[in-house]
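Values in this text are rule-based calculations from the coordinates and carry no lab data. The shown structure was predicted, so the numbers you read here are calculated from the model rather than taken from an experiment. Counting neighbours? That spans all protein chains shown, and the Cβs are built from the backbone with ideal geometry, glycine included.
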Amino acid sequence: MKIAIPILAAFAITCVPSAQAAPKLLYTFTGANGFAGPSGPLIQVNGLLYGIARSFGNGTASAAGLVYSLNPATKAFNIVYNLPSGDDPGTPQAPVPPLTEYNGMLYGTADGGPNGDGVVFEVNPVTSTGSVIYNFQGGSDGWLPQTGVVAYNGLLYGTTALGGNGYGTIFTIDPASGKENIVYSFPAGDNRIQGGDRLVSIGGILYGTASNVISNEFANSVIFSFNPSTATLNVLYSMNNETDGADPGGLLAANGLLYGAAQLEGPGPCVYGISIQNDGCGTIFSFNPTTRSFTVLHAFTGEKDGVDDYQPLTYLNGYLYGTTLYGGSKHCYEKQGCGTIFRVNATTGAEQILYAFTQGGPDTANGTIAALGGKLYGTVSTDPKATWGAIFSIKP
């Protein structure tokens, strides 16, 4: 099986002057055929970058979105697969789930389907053909697969936000037959775990994050493990919003540890635009699944440090790379900042801002940034030089 490395999205490209090289545009979307706003993570397969772009609906009925490829060396851009319109997949979810490469095929999830409950699709990048392999029914089989799928032991594993017992599921898809199986339904009750984020694998065990709803009033986040062999789920750690952060939205596995970016809360105060709030601006954390040790590596404080770190993270050479939704400069969003690209030392927690963006606008905050071959790649859905979105690279 080939290794697929995630190359994720970022913000507008204009940045504060820096000694480092400015971002380089590799491809600019033109809005032709209604396609624009590349807003999902990219993956690398055999030297090409693959991603998803939305349809902004210019009156054409060609598709609801597309899977594309880009050769970063030649800048050659190709449409690999048009997601069907009508009763087939709709525009991919926001944020768009990442694609997964398995046995030479690309797999993903999207909104839409006959009932609007979501689909799983596959794409052959060699023949530029694809198809929907499963349509969710919105009942016991799950509803809204918003986090993509991961390959493990010949099956595709994913989560749904709803369905099952009403609070989400963990499901498998056989990529050969398209058969779906619910391996876990998040239970109902006053103290329930609802939904789940993208799963990661360490040593035959899948790990993820979910929301813990207590007495239908208070919610925090939990880190859980799922054993595919026994179909058992165990809550390993319950995050304290005030000290640990909240809403991590997915985990990264590296060096036997799990890393996450809690988008909200954590230790305060947080300087947020013209105001100061007592709770924090988000955190970067590590978790040891063996000892169940949770460590806050970095707590964001706002302004130049960043606010609301966007997940998931990417690991490269001892550093965790990501973006924040706000902070950095004060040029947009009522002085809240336009967002940053940052890296955090995975051992010491020391943070460095690589770029602080100075342009903001609708749908510019699309996700995080990742590294490949000594460069960082990302996408923007709008920029002063690319109003329909672009794919770019920078050196870390």
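Name the chymotrypsin sites (Phe, Trp or Tyr not before Pro) in the range 277-313 that are in a loop by DSSP and that have at most 14 other C-beta atoms within 10 Å, would you? Mind showing how you got there, number by number?
Details: sites: PHE285, PHE287, PHE294, PHE300, TYR310; in loops: PHE300.
Within the range 277-313, no chymotrypsin sites (Phe, Trp or Tyr not before Pro) qualify (loop, at most 14 other Cβ atoms within 10 Å).
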Summing +1 per Lys or Arg and -1 per Asp or Glu among the other residues with Cβ less than 11 Å from ASP117's Cβ gives -2
Per 0.36 nm of contour for each residue apart, how much would the distance between ASN234 and THR129 grow if the chain were fully extended, relative to their Cα-Cα spacing?
33.9 nm
What ranking of MET239, MET105 emerges when the number of other C-beta atoms within 10 Å of each C-beta is taken as an exposure proxy, fewest first?
MET105, MET239
